[in-house]
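One structure below.
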Amino acid sequence: VPARDIRGLSGTAAFAVDAPPAPGVRAACSGAFGWKPNLVVSGINPGFNTGRLVLHSGTVGAALTAASLDVCAAAFSTEAQSVLGLDTTSRVATSVIGGLLDAGLPPVAVNVNVPALPFPELRGLSFADPGPVSCDDVAFDFEGNSLALRRRRNPPPYEEGSDAGLVARGLISVTVLALPWRTDANAESRVVAAIERRWVSSMDSDRRRQWQS
């Protein structure tokens, strides 16, 4: 577990854990570093985590691990190999995280997929369940005596209203993942309402800045 200096976060203790995302998050949420986080943010993953692919995603798995330890979490993903997607997703993340804070950081896992578009060209933010087909998928090929894992694109059509369907239409897809244990029945509705309010507020602020310029 080596210490790391992160540009822009001087004075903040940061560590790199040599482990997959879920065990690293479990260590932190179990108090291995002397404190338990209030919020876990996973990603930004270079490649969409939609549809059934969420079951195999390390990025989403980290968020689910946090929720299993009663810590609020959000996982963020965008188009693979897209600097534009990373930039836009970082802006979207401020709204989503703000909404989670407004909702009181309940122990939920939120999965967010953001199209690789300039921020002003996003068509909106909507909530959806994972569909049967993912935007991206993985394939395995033998290379000598080894298996190589490669990410590939599943072509549309996607199920109407699914997370993959929303992303294909240029919308941000947000999923409050169903957890296999009893949770606060009102937590999901609070999170959805709070994220929607934050998103609308960020759009209004962006329009005001454009008008003033």
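Computing the accessible area with a 1.4 Å probe over protein heavy atoms, can you report the carbon and sulfur percentage for the stretch 1-111?
Ligands and nucleic acids excluded, carbon and sulfur give 55 percent.
Solvent-accessible area per residue for the chain at a 1.4 Å probe radius, Å²?
Ligands and nucleic acids excluded, the result is 56 Å² per residue.
The stretch 117-213: which GluC sites (Glu not before Pro) are DSSP loop and have at most 13 other beta-carbon atoms within 10 angstrom? Please report the intermediate quantities before stating the final value.
Details: sites: E121, E143, E159, E160, E188, E196; in loops: E159, E160.
The qualifying sites are E160.
Using a 7 Å offset from the Cα along the Cα-to-Cβ direction at both A178 and V83, what is the distance between the two label points in nm, to one decimal?
It works out to 4.2 nm between the two label points.
Residue by residue, what Karplus-based ³J(HN,Hα) values in Hz, rounded to whole numbers, does the stretch 9-16 have, using 6.51, -1.76 and 1.60 with θ = phi - 60° and x for Gly and Pro?
Values, residue by residue: 10, 4, x, 9, 5, 9, 9, 9 Hz.
Which one is right for this structure if semi-axes √(5λ) of the Cα gyration tensor in Å is calculated from it: (i) 28, 22, 18; (ii) 32, 26, 22; (iii) 25, 24, 19?
(iii)
Thinking of the stretch 1-42 as a set of Cα atoms, what percent of all their pairs are more than 17 Å apart?
When all Cα pairs of the stretch 1-42 are counted, 33 percent exceed 17 Å.
Provide the FRET efficiency to the nearest 0.05 for the R150-R52 pair, computing r from the beta carbons and using R0 = 30 Å.
Efficiency for this residue pair is about 0.95.
Mind giving me the nanometre distance, one decimal, between the label points for T12 and F140, set 7 Å out from Cα along Cα→Cβ?
3.7 nm
Label points 7 Å out from Cα along the Cβ direction at L101 and D5: separation in nm?
If labels sit at L101 and D5, their model points lie 2.7 nm apart.
Restricting to DSSP loop positions (anything but H, G, I, E, B) with no more than 16 other Cβ atoms inside 10 Å of their own Cβ, which trypsin sites (Lys or Arg not before Pro) remain in the stretch 118-213?
On the way: sites: R123, R150, R151, R152, R153, R169, R182, R190, R197, R198, R207, R208, R209; in loops: R123, R169, R182.
The qualifying sites are R123, R169, R182.
The values are calculated or read from the model by the stated rules, or taken from the named source; none is laboratory data. Please read these numbers as outputs of a predicted model, since none were measured by experiment. When we count neighbours, we look across all protein chains shown, and the Cβ atoms used for this are built from the backbone with ideal geometry, even at glycine. With ligands, DNA and RNA removed, areas are computed over all heavy atoms of the protein, side chains included. Shrake-Rupley method; radii C 1.70, N 1.55, O 1.52, S 1.80 Å.
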